[in-house]
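Taken together, the values in this text are just the output of simple stated rules run on the coordinates, not laboratory data. Since this is a predicted model, take the numbers as computed values, not measurements. Quick reminder, even Gly has a Cβ in these numbers, built from the backbone with ideal geometry, and neighbours come from all protein chains shown.
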Amino acid sequence: MDFLNILNLTGGELIGAYTAAYVLCALGLAMHFGFTGLLNFGQAAFAALGAYGYAIATLTFGWPWYSATLFGLVCSALFAVALGIPTLRLRADYLAIVTIASSQALVSVFGVGQYRDVTGGSNGLSQFGESFYALNFLPDQRIELGVLTYSSNEIFIRIVAWSLVILGALLLLILTRSPWGRVLKGIREDEDAIRSLGKNVFVYKLQSLIIGGTFASLGGMVFVMTSQTNQPVTWGTDFTFMTWTILLLGGAATILGPIVGGMVFFALLMFLQNILEGLVNLGLLPFLDIAQVGQIRYLLVGLVLMLLVIFRPQGIFGNKKEMQFNG
Amino acid sequence: MANSISVGAASPGCKKVDPILVADNVTRQFGGLTAVNVEHLEIPRGLITALIGPNGAGKTTMFNLLTGFDEPNSGRWTFDGTDLAGVAPYKVARMGMIRTFQLTKALSLLTVIDNMRLGAQDQPGEGFIQSFLRPIWKKREAQISERADELLQRFKLDSKREDYAASLSGGQRKLLEMARALMSEPKLVMLDEPMAGVNPALTQSLLEHIKGLKNDGTTVLFVEHDMHMVRNIADWVIVMAEGKIVAEGPPAQVMKDQAVIDAYLGAHADTDLGTVAIKTIKAGK
């Protein structure tokens with residue numbers, strides 16, 4: 001086993017563009033769940049709207065990157081409004097049911113053949129990144145980082161993706177430390193109490209849903225921009241649950257949590273993949289073959305998560321004091 | 001019997017000299033059960049009014065209706081001359097009518113001081129766009145914090161300032177909820193069983209706080225089962241039973257009312273239960 005190689009691949013995941021995409025979605029979810037108490041199980045739909053919004057605006061309308069980005073964000077915001085107006089009056093667990101159902105419905109619509117001209121049907125869309133990658137100011141040569149080599153565009157998308165993460169985190173930091181954020185936390189604790197103090201709870205919840213949704217929208221755009229392909233299968237429930245995993249891993253009501261949670265999650269996934277493959281190749285795991293490794297690592301990640309929830313329920317960065325009171 | 005609060009003699013649904021809240025024909029049905037059926041109700045301004053009655057009399061439902069947390073089947077009511085029927089709870093609160101809850105709603109995972117700050121009105125930083133512009137809301141935040149600290153001191157919670165509300169005792173949470181309700185300097189405070197679960201030592205200080213509110217010119221309406229408290233601080237008592245108002249008047253007069261004794265207080269209202277033989281109570285003598 002080449003440990004240096006494994007460490008390099010694992011390190012590559014820490015700064016990966018996919019990692020950043022998930023982190024953006026998890027930051028949005030932190031807004032929803034961690035700071036407002038909204039159980040949104042449809043984060044994939046917000047990300048899908050960002051991705052499809054961008055791709056359709058580029059391919060069908062022929063818009064440049066900035067209009068396409070704006071279009072994707074507006075699509076997610078409108079979805080948040082459409083979803084929020086009827087459902088935000090519901091109790092938390094009903095909101096969860098509605099969000100998961102509507103996200104599944106939305107992704108099904110993207111996948112049907114009838115709208116193939118616009119959405120690409122089940123094949124999805126591809127090659128919509130020209131306008132975006134035209135912004136790439138880096139020299140056109142491969143860059144080596146350890147055993148990994150990146151093309152200029154691969155470096156560029158990583159720079160953009162992590163800049164968005166940093167900007168998003170700063171935005172969340174300002175928001176959650178303001179009186180506005182204080183009202184949100186109050187709603188998370190008891191919305192009737194906040195009503196009785198003269199705050200329009202519905203408006204706050206809707207604002208939170210929109211903001212968290214636009215974070216996911218950006219995450220979706222980064223995700224599909226990496227490979228310039230956008231397929232409907234990407235935006236299934238597993239996307240939403242991976243985002244939840246990252247959030248809970250890092251700590252729900254924190255800002256650093258989703259960022260480090262995302263890095264740890266993907267690094268761990270890559271590390272396990274390589275270690276297991278290495279062990280199988282050495283014949284130390286006779287009950288496994290190489291093809292099964294990809295699945296087994298999810299089982300192990302699941303185990304790690306279970307242990308985490310049992311022994312550190314507040315996540316990596318969560319406040320131990322806050323969680324103890326819940327118990 | 002004449003008094004200075006009602007117009008003419010005290011009777012169920014009588015008019016008051018200076019009412020702050022006037023309700024007419026308020027009814028609320030849950031399926032076949034009529035929880036509230038109040039023909040006319042007036043709450044006198046600047047005084048402490050107690051709302052008493054047996055469990056299930058509709059007191060809390062009445063609270064919920066008046067503050068917009070529940071919708072009535074019929075009825076209208078005005079607060080300080082403004083029509084309030086069908087108005088959302090947050091708007092009711094902004095008009096200066098703040099309530100507390102029977103089951104205390106302290107915001108557990110917020111600090112005591114943040115709980116207090118949330119009670120304040122007119123903080124521009126609570127708007128989404130303004131929240132980014134710290135200079136806009138910084139000054140108001142300082143004013144709010146100052147008032148919060150004053151109130152915390154008055155309610156002897158200042159040592160808990162930075163603690164999570166979850167770490168407070170049940171009685172302290174009641175105090176916090178009351179203090180939080182006072183942040184916006186309301187005209188009418190509606191307290192739903194402020195004494196429930198509070199130990200006797202705290203009861204005394206809570207009573208003083210409620211009397212203090214009256215001195216500040218705040219009108220108080222509270223639901224309570226503790227007759228000692230009602231006698232001590234209420235200027236006026238309204239008795240509900242089965243959704244209706246069955247009696248009204250100054251405490252001394254109401255406690256002697258046969259209808260009230262039958263419906264609620266029982267024949268041994270004034271007796272320490274420890275000194276009466278169980279048999280006597282069971283026999284209803």
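Could you list which residues have their amide H under 5 Å from that of B:H40, counting only those 5 or more apart in sequence or on another chain, with H placed in the peptide plane?
Counting only residues 5 or more places away or on other chains, the set is B:N25.
Between the range A:182-213 and the range B:136-204, how many Å separate their Cα centres?
Their Cα centres are 21 Å away from one another.
Could you derive backbone 3J(HN,Hα) for the range A:175-180 from the dihedral phi with the Karplus parameters 6.51, -1.76 and 1.60 (θ = phi - 60°), listing whole Hz in sequence and x where the residue is Gly or Pro?
After applying 6.51 cos²θ - 1.76 cosθ + 1.60, I find 4, 6, 9, 8, x, 4 Hz.
With a cut-off of 11 Å, note down the residues of the range A:193-217 whose backbone N falls inside the zone around a label point 7 Å from the Cα of B:E71 toward its beta carbon.
Answer for this model: none.
Ignoring chymotrypsin sites (Phe, Trp or Tyr not before Pro) that are buried or in helix or strand per DSSP, and keeping those with at most 16 other beta carbon atoms within 10 Å, what is the longest stretch of chain A between them?
A:138-286
If one computes P(r) from the Cα atoms of the range A:136-274, what percent of pairs lie at distances over 24 Å?
The calculated P(r) of the range A:136-274 puts 45 percent of pairs beyond 24 Å.
Given that compact globular proteins tend to follow 2.2 N^0.38 Å, what is the ratio of the alpha-carbon Rg of the range B:208-249 to that value?
1.26
Seen from all sides and averaged, what is the projected area of the convex hull of the Cα atoms in the protein assembly as shown, in nm²?
36.4 nm²
Would you mind checking the pairs A:K199/B:K105; B:K91/B:K160; A:K185/B:K160; B:K59/B:K91; B:K138/B:K214; A:K205/B:K91 and listing those with alpha carbons more than 27 angstrom apart?
B:K91/B:K160; B:K138/B:K214
Within 10 Å of each Cβ of A:255-261, how many other protein chain Cβ atoms are there on average?
0
Rounded to two decimals, what is Rg over Rh for chain A when you use alpha-carbon atoms and the Kirkwood radius?
Taking Rh as the inverse mean 1/r over Cα pairs, Rg/Rh reads 0.99.
Between B:F30 and A:L148, with labels modelled 7 Å along Cα→Cβ, what's the label distance in nm to one decimal, could you check?
5.9 nm
Of B:P251, A:N8, A:F223, which is farthest towards the positive pole of the protein assembly as shown's charge dipole, taken about the Cα centre with +1 and -1 on the beta-carbons of Lys, Arg and Asp, Glu respectively?
Most positive-ward Cα: B:P251.
Chain B: percent of C-alpha pairs farther apart than 28 Å?
More than 28 Å apart: 41 percent of the Cα pairs in chain B.
Would you mind checking which residues have amide H under 5 Å from B:V246's amide H? H placed 1.01 Å from N; only 5 or more apart, or other chain.
Here the answer is B:V239, B:M240, B:A241, since their amide H atoms fall under 5 Å of that of B:V246.
Convex hull over the Cα atoms of the range B:111-185, averaged projected area in nm²?
Result: 4.9 nm².
How fast does the range A:194-251 diffuse by Stokes-Einstein, in µm²/s, taking the Kirkwood radius from C-alpha pairs at 25 °C and 0.890 mPa s?
Translational diffusion coefficient: 178 µm²/s.
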